[in-house]
Each structure stands twice: as structure tokens, then as C-alpha cells.
Amino acid sequence: MYDYVNKWIKNNKDKIYNFSEFSIICPLEIQMRITNLDLPDSDLDFIDKRFNDLNDYLSFNVSGEVETISLTLWTEEGSGNIIFECDFKNKKIIYPTKLNYSKIDETKLSSILDKQFNKCFEKNNWEDSFGNRFVTFLSREKYDLINEQDKKPWENAKNKNLKIYYENFKKQPSYWNEIIAPYLNYILDQEFIKNKGPENIKKITYDRFDYIKFKSFICEATDNESRIDPKRKIQGMPDICVYVYYLVSVPDNDSLDTFAGASVNQWLTENIKYLNINNMMDVIRGISFNHIYFNFCLLTTDTLGYDYFLLDTQEAINETKKSDLIKSITIKGQSSYIESKLDKETFVKEFKENLPPSIEDPLATEKSTKIDLPFDFTQKCNLLVSVLLNKISKNKINLDVKLMKPDLILFKLCEDRTTFVSLIQSIKLNFDVLTEVPEKHLITMADVYAFIHDYIINSFSLDDVE
């Protein structure tokens, strides 16, 4: 009987893989128990195996006797039907029911499996549950979090049946995940520290875990995203998905179990304000220049255990990159800045008449490399940021204004969240901006240019300046 099952799987491999064009991994899951093991240096009575790749299953060398087997065909994300289950040891077919084991030959079994398989087509709902799964794989690809057994199916899916969706994803502005997502990671990390996250996570997990890193991902929702009401759709305005991972640093001698993961997720959701969908949307919409125009936003979170050593190593790499960035744009052999007036009145006098009414987005396409703004204006903005950062930073760094580019990320220049917030507040205070509703989030120098540009354009006329 076991050989009959294998033969049916082998003969129908292509049909199984093509059950739905929207299923990324193989929709057929095979579980089996093997007894009477012929394994050296092992005293196990049995082993349980699970397969989500038909090639792995068909090439698997059984070192013992297959006692039971179960075939489940997934009809959507998180839901499926058992199409066959059998206890070979006791010669009993568990499902479908009311079948006599001794009367089932190869032809009859093949017919039964065909019938069970075809019934699942009526329940195929992979298209409706496709959006979340697709974004999960996109985001895990970004941070190298895809399980080893899922990497090959994902490569096949994005290059074949899901190629159009993947190509559409690659067309979205690169700054979504190169500029905005790192900012979300940054404010989530800082909010975690601010709320004594390490101490609290350690407490609720009974001293097992304390270190967490956030990884955010942004993409446009697929056209068939069933979680979004089509009535909300605005023509030409994308719906977006924000996916946030909580990477829990797990020591070698431990693992993140379901209960601990749920406890961590609950504490973070209740205590990190930016994990509220409304607050998250306010941040994304409040970015001065490189914000995302969107209609509706879906927020998904996932808690994953991550190797303690790898997280620690990555953190060290990030600190090195940050240090290298600061060194690369620091003034060489000069201890002070050239005297220049940087007050709001000077900015208005110098640039009110020659600034364009609107500015080009330097990060929206790969071809666009600079902002359509006067060079002396951008250099003066650079100087303002450099002087302010020099005054509030502990290291008193002097940045070379000629090396500061529009895509320079400001929080990478700061020692901590306090320094970063002080820098942004100081930039705004220089133009007498004390409070804002909604608050503008300045992430890059491009955001600073846009903020100061808007202030000057909307400021009083030159006749009013003394």
C-alpha cells in the first residue's frame, strides 16, 4: 500500500504543484511515522517526518518501516483537507472512512486519491489568502528569514507563476525599504528601550529572553488583497502592507516556544505605541519629503526566534558601518566651521526669490540623482545640520557639507534617540516651528531640504524682513 501511495504522488507531482498558481510552497504536506529504525548510534523507537517538498519526499531513504502516513492538501493559507491517512502496521485506512484495507489494490487507491484530490478544487481559496503569504515571503527574503526548505519553492514561484506580482514589487520606490523601513526599525528599537523593554521581556519570559530587534518591511498590497474592502479603493492611490518582525535573541540552549512568543507579542503590542496601526500611518504620512502616498494600510506582525550570536554580530556590523559613514563625511584637518548666518531671516532673504515652487523627488526613481534646488541652498541646509549636530552630539563631529547627499540618513549620524530627536527639534526651532499637527518626521537630508524649502516658500515676503 505504501508503494501505491508513492507511485500516485510520483505520477501526479506536476498536478499537485499546479493545484493553485497562488500557492507558493507545495500544497501537499506528507507526514509519516517510521519504526523499527535501522539507524547507527540511536536508541529511538520511532521518528516522525514531515515533507512540504515532493522531491525531498520521493528521494528520502526510509531507514526502517513506515507505520503511518497522512496526506494533507492545503486549500488556502492555514487551512486544508486530509485526502488520505493510513495505518500500515494495523492494516487500516483511517481516511477516507469505510474502506477495506485488504480490498484496495493499486488501481482502486489511485482512483480514490484522484477523487479526493479533485474534491479539493471546490475549496481552493489560495487566491483570497494569497496577499499575506506573498508579503510574508517578500519580507523574509529582504531579511534572509526564509526557511531552508521554502527557499527553492519561493524562487520557483517568483520566477514563474508569481513573476508578474514580483516584478510589480520591484518597481515600487526603493526608498520605501531603504529609507522609511530602517526609520521604523529605529523608532521601534528606541521605543522598546524607552519603555524598559529588555527588563520587561526578561520578566514575562522568566529570565529566558530580553534582547529584541525590529525589522520592518513595506510593499504595495496585491490587486487581489482580500483583506481590503474594494469599496475603499481610490484610483491611482496604492494600498500598502507594513510587516514588522520581532526578532527575539535566543541562546543556543533554548528556543522560542508558542507561549513565550505570544507573551512577547502581547507586551510589545500593548506598550510600543508605533505598533498601533493609526500611529504607524501617522509616521508614514508625516515624513516631510519621502513619505508614501497611500489609501489604506495593513499592519502585520510576527514574532520569531533568532540566533543570539547572529543578532549580536549584526549589531556589531551595523555599529561599524555607522562609524565608517561618519568618518567618511567628517571634515579632515579642520576643527571649526566657516562663519555663516543660519537664522530663518537669512534663509528667507537669500532664497525666497530663487527657489522653485516645488521640488523634484531625488529618490523616487533610479535615474533621478539630485533635487532641483539651488546648490548654495542645499549647501546652507547642510551647514545648518552640521553645526547643530556638532553642538548637540557627544562626539562633536564636524561634517563636510560638500559630502552630505540628499539620501544621507540623519539618525545614522546620532549616538542615540535623544540626540536624533534633539537634532530634528533644533532644525525646526531654527525656523520657529515649535509644534506640528501632524508631526513631520525628517529622516534624510532630502526631508530637511523639503522642510526648509516649504517654510521659505510659505513665509512672509522680503518687504517684511527688516
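Applying the criterion of being surrounded by 13 or more Cβ atoms within 10 Å (Cβ to Cβ) and of a type in the set (Ser, Thr, Tyr) to the residues of segment 101-110, the residue that is farthest from residue 71 (Cα to Cα) is 101. Quick check: is even one residue across segment 253-260 of a type in the set (Phe, Trp, Tyr) and within 20 Å of residue 140 (Cβ to Cβ)? No; the residues of segment 253-260 include none that is of a type in the set (Phe, Trp, Tyr) and within 20 Å of residue 140 (Cβ to Cβ). If you go through segment 393-420 and keep only what is part of a helix (DSSP H, G or I) and more than 27 Å from residue 349 (Cα to Cα), you end up with 411, 412, 413, 417, 418, 419, 420. Here residue 283 meets each of (1) under 30 Å from residue 375 (Cα atoms); (2) modelled with pLDDT under 90 with one exception, condition (2). A count restricted to segment 79-134 and to residues that are touching a Cys at 6+ places or on another chain (Cβ under 9 Å), free of Cβ contacts under 8 Å to residues at least 60 places away in the same chain and polar (S, T, N, Q) stands at 1.
You will find that of 164, 180, the residue that is within 28 Å of residue 410 (Cβ to Cβ) and not assigned by TED's automatic domain parsing to the domain that holds residue 19 is 180 and no other.
Test residue 166 against the criterion of being of a type outside the set (Gly, Ala, Ser), more than 23 Å from residue 27 (Cβ to Cβ) and either without any contact (Cβ under 8 Å) to a residue 12 or more places away in the chain or surrounded by 14 or more Cβ atoms within 10 Å (Cβ to Cβ) (or both), and give yes or no. Criteria not met by residue 166. Consider residue 78 carefully, then state whether it is closer than 30 Å to residue 221 by Cβ and surrounded by fewer than 18 Cβ atoms within 10 Å (Cβ to Cβ). In short, yes. Taking segment 401-426 as the range and being under 23 Å from residue 189 (Cα atoms) and hydrophobic (A, V, I, L, M, F, W, C) as the test, the residues that pass are 408, 409, 410, 411, 413, 414, 420, 421, 423, 424. With respect to (1) over 22 Å from residue 270 (Cβ atoms); (2) crowded, with 17+ Cβ neighbours inside 10 Å, the lone exception for residue 230 is condition (2). Scanning for something touching a residue at least 40 places away in the same chain (Cβ under 8 Å), surrounded by 13 or more Cβ atoms within 10 Å (Cβ to Cβ), closer than 27 Å to residue 451 by Cα and not hydroxyl-bearing (Ser, Thr, Tyr), does segment 248-268 turn up at least one residue? No, that holds for no residue. Condition check: more than 22 Å from residue 315 (Cβ to Cβ) and modelled with pLDDT of 95 or more. Does residue 266 satisfy that? Taking the combined requirement at face value, the residue satisfies it.
The residue that is nearest to residue 139 (Cα to Cα), among those in segment 149-168 that are part of a helix (DSSP H, G or I) and of a type in the set (S, T, N, Q), is 168. Residues in segment 277-334 that are basic (Lys, Arg), part of a helix (DSSP H, G or I) and more than 18 Å from residue 437 (Cα to Cα): 321, 322, 327. Here residue 131 passes the criteria (1) in contact with a Phe, Trp or Tyr (Cβ under 8 Å, 6 or more places away or on another chain); (2) within 30 Å of residue 228 (Cα to Cα); (3) of a type outside the set (S, T, N, Q) except the one numbered (1). Do the conditions hold for residue 142, that is, is it among the basic types (Lys, Arg), touching a strand residue (DSSP E or B) at 6+ places or on another chain (Cβ under 8 Å), in contact (Cβ under 8 Å) with a residue 24 or more places away in the chain and surrounded by 14 or more Cβ atoms within 10 Å (Cβ to Cβ)? Taking the combined requirement at face value, the residue satisfies it. Within segment 383-418, the set of residues being of a type outside the set (D, E, K, R), surrounded by fewer than 17 Cβ atoms within 10 Å (Cβ to Cβ) and within 28 Å of the chain's Cα centre (by Cα) comprises 418 only.
Return the residues of segment 169-183 that are surrounded by 14 or more Cβ atoms within 10 Å (Cβ to Cβ) and either of a type in the set (Val, Ile, Thr) or part of a helix (DSSP H, G or I) (or both); say none if nothing qualifies. Answer for segment 169-183, where residues must be surrounded by 14 or more Cβ atoms within 10 Å (Cβ to Cβ) and either of a type in the set (Val, Ile, Thr) or part of a helix (DSSP H, G or I) (or both): 169, 175, 176, 177, 179, 180, 181, 182, 183. Picking from 320, 346, 369, 378, which residue would you name as being out of contact with any Asp or Glu (no Cβ under 7 Å at 6 or more places or on another chain), modelled with pLDDT of 90 or more and over 23 Å from residue 426 (Cα atoms)? The conditions single out 320.
Every listed requirement among (1) charged (D, E, K, R); (2) under 19 Å from the mean Cα position of the chain (by Cα); (3) farther than 30 Å from residue 14 by Cβ; (4) surrounded by fewer than 18 Cβ atoms within 10 Å (Cβ to Cβ) is met by residue 194 save one, (2).
The values are calculated or read from the model by the stated rules, or taken from the named source; none is laboratory data. All values reported here derive from a predicted model rather than from experimental measurement. Reconstructed Cβ throughout: ideal geometry from the backbone, glycine too, with neighbour counts over all protein chains shown.
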